[in-house]
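The values are calculated or read from the model by the stated rules, or taken from the named source; none is laboratory data. The shown structure was predicted, so the numbers you read here are calculated from the model rather than taken from an experiment. Cβ placement follows ideal geometry from the backbone for every residue including glycine, while neighbour counts extend to all protein chains displayed. For accessibility, only protein heavy atoms count, side chains too; no ligands or nucleic acids. Shrake-Rupley method; radii C 1.70, N 1.55, O 1.52, S 1.80 Å.
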Amino acid sequence: MAVNQKIIAELVRRVLEELTEEKGLRSENSSGLHHSVEEAVEHAVKAQKRLIAMSLDSRAKMIAAIRQASLDNNEELSALAVRETGLGRYEDKINENILCATKTPGTEDIQPAALSGDHGLMLLEYAPVGVIGALTPITNPTGTIINNSISMVASGNAVVFNPHPNARKTSTRMIRLLHEAIVDAGGPSGLIGAVREPTLDTAKQIIEHSRINMLVATGGRQVVDVVLRSGKKAIGAGAGNPPVLVDETAQIRKAAHCIVDGASINNNIFCTSEKEVIVVDEVANSLIKFMQETGKAYLINPEDAEKVTALVVTPEGKINPSYIGKNVQVILREIGIELGEEYRLGIFKAHKDHPLVWLEQMMPIMPIVRVKDVKEGIRLAVEVEQGYRHTALMHSTNVEHMTAFARAVQTTIFVKNGPSYAGIGLGGEGHTAFTIAGPTGEGLTSARTFTRQRRCTLVESFRII
Ligand code: NAD
């Protein structure tokens with residue numbers, strides 16, 4: 001009898017626990033997920049007011065909680081992202097999330113500045129903009145949301161995300177987890193949020209909503225254009241086509257390793273990844289040989305290169321989305337080539353007019369173009385970058401060559417003698433950002449990007465000297 005009572009008591013406890021959890025999940029206010037844009041914005045407006053009434057210390061606690069929740073749930077989220085979107089590689093997504101959780105600056109990025117002089121004191125503070133509408137891409141659904149959440153909350157804002165519809169499950173799960181972390185750390189409910197079913201229509205509603213103060217688009221050219229036409233303050237982080245130029249002075253073996261690693265991370269879906277190699281004729285054969293010797297790059301012969309081009313480029317000259325972010329094995333199997341698991345990248349010799357030199361392929365298939373000398377290389381690299389002002393790379397030991405290329409190409413990120421991901425802080429100095437604002441010029445975004453500058457002037461007093 002006593003045993004039965006114990007079992008019954010335990011059952012009641014579990015049912016109550018489940019009911020409470022279910023209630024918690026259903027309550028829109030506690031999950032960060034909403035049925036409509038209107039509801040999400042309403043919660044965000046209230047939450048942002050509560051946030052700015054709180055101390056910076058409590059804000060820092062929320063940021064710490066976001067970092068921890070991202071790390072604690074990394075395996076689940078990375079696996080879900082690969083499964084849902086079919087893009088990228090699990091182990092690289094893990095690193096992407098660690099990078100965003102640990103190297104996105106927090107409240108330290110909005111330190112005020114003060115100036116004192118004969119006429120008194122001037123204080124400059126970085127104030128929040130209010131509620132931000134953030135459109136996030138299919139390529140990095142987890143990294144972008146971690147990165148944006150830290151930056152936007154650290155600067156005192158609320159954010160309503162509109163994730164890419166094809167990354168809905170991953171993105172909404174991520175938002176829910178981060179929302180829970182914020183609330184558990186004492187932060188206001190509704191500070192980050194999204195609609196349960198994001199679509200292009202909900203994106204439009206966010207863009208047009210009168211209570212959204214700033215828009216941030218991380219994606220292709222089209223969505224950047226849309227937010228820039230909105231009439232609101234907008235930050236556009238758009239597409240790129242990063243060329244990597246190798247000259248005759250480079251350490252060729254090192255260059256080969258860097259290019260293979262940078263171009264194959266996450267199957268080339270990072271906007272910063274090397275998308276075409278331009279190499280000075282004199283060292284082209286060595287570069288290709290060393291790339292093969294990494295054991296990770298497979299040299300596709302000219303006949304197969306034609307077949308793979310016909311596969312991944314549509315007759316209209318666009319990238320075939322079915323192969324974006326896929327492993328090289330999956331792509332080459334379609335043309336009858338079976339590769340071992342160790343391969344990460346397919347490379348092929350290409351003419352400068354080859355479509356994959358000009359298109360942002362976002363898959364581990366890499367054209368290699370030979371040029372006569374570094375001058376011709378710089379000219380071509382600038383052309384293929386197409387004014388995106390995104391990322392360019394160079395392998396060289398000649399400072400004049402590197403300076404000439406950097407000056408000519410004018411990109412937001414310029415990486416010398418390293419893999420592309422060094423430019424976003426992975427194995428390179430500096431903070432990370434997964435919203436890299438080339439078109440609007442903010443560069444690698446951080447908390448300070450999402451602020452308004454406010455000045456306070458105190459005249460003729462308050463000096464101690
Ligand atoms: P995408 O442009 O298709 O989508 C990005 C987001 O914008 C999604 O949420 C999508 O739903 C929304 N969107 C797209 N068109 C829209 C429209 N007309 N109106 C309103 N919303 C719209 O991009 P993607 O395929 O998800 O991501 C890959 C692209 O993003 C690549 O070009 C890549 O280079 C770029 N990217 C850039 C950065 C950066 O920091 N610069 C970072 C990641 C990705």
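Taking a straight line from the alpha carbon of LYS375, these lysines sit under 21 Å away, with near neighbours fewer than eight places off in the same chain left out: LYS275, LYS349, LYS352, LYS416. Where does helix 374-385 land angle-wise versus the long Cα axis of the chain, in degrees 0 to 90, nearest 10? Between the helix axis and the principal axis of the chain, the angle is about 40 degrees.
Taking a straight Cα-Cα cut-off under 17 Å and skipping sequence neighbours fewer than 8 places away in the same chain, the lysines within cross-link reach of LYS61 are LYS103. The calculated 222 nm mean residue ellipticity attributable to helices in the chain amounts to -14000 deg cm²/dmol, summing -39500 (n - 2.57) over DSSP H runs of n ≥ 4 and dividing by all residues. Extending 7 Å from Cα along the Cβ direction at MET122 and again at MET54 yields two label points whose distance is 3.4 nm. For LYS349, the accessible surface of its heavy atoms amounts to roughly 120 Å² (probe 1.4 Å, protein chains only, rounded to the nearest 10).
Go ahead and run the numbers for FRET between ASN301 and ARG229, Cβ-Cβ distance against an R0 of 45 Å, rounding to 0.05.
0.45
Taken along the Cα-to-beta-carbon direction at a fixed 7 Å, the label points for ARG221 and HIS351 span 2.3 nm. In summary, the lysines within cross-link reach of LYS232, defined as a Cα separation below 27 angstrom excluding same-chain residues under 8 places away, comprise LYS46, LYS49, LYS204. Going by alpha carbons, how many degrees (0 to 90, nearest 10) lie between the helix axis of 56-72 and the longest principal axis of the chain? With both axes taken from Cα atoms, the answer is about 60 degrees. Atom-type composition of the exposed protein surface of region 243-428 places 50 percent of the accessible area on carbon and sulfur (1.4 angstrom probe).
Excluding ligands, DNA and RNA, the accessible surface per residue across the chain is 45 Å² with a 1.4 Å probe. The mean sequence separation of alpha-carbon pairs under 8 Å and at least six residues apart, normalised by the residue count of the chain, gives a relative contact order of 20 percent. So what's the angle, to the nearest 10 degrees on a 0 to 90 scale, between helix 90-103 and the longest Cα principal axis of the chain? Orientation of helix 90-103: about 60 degrees from the principal axis.
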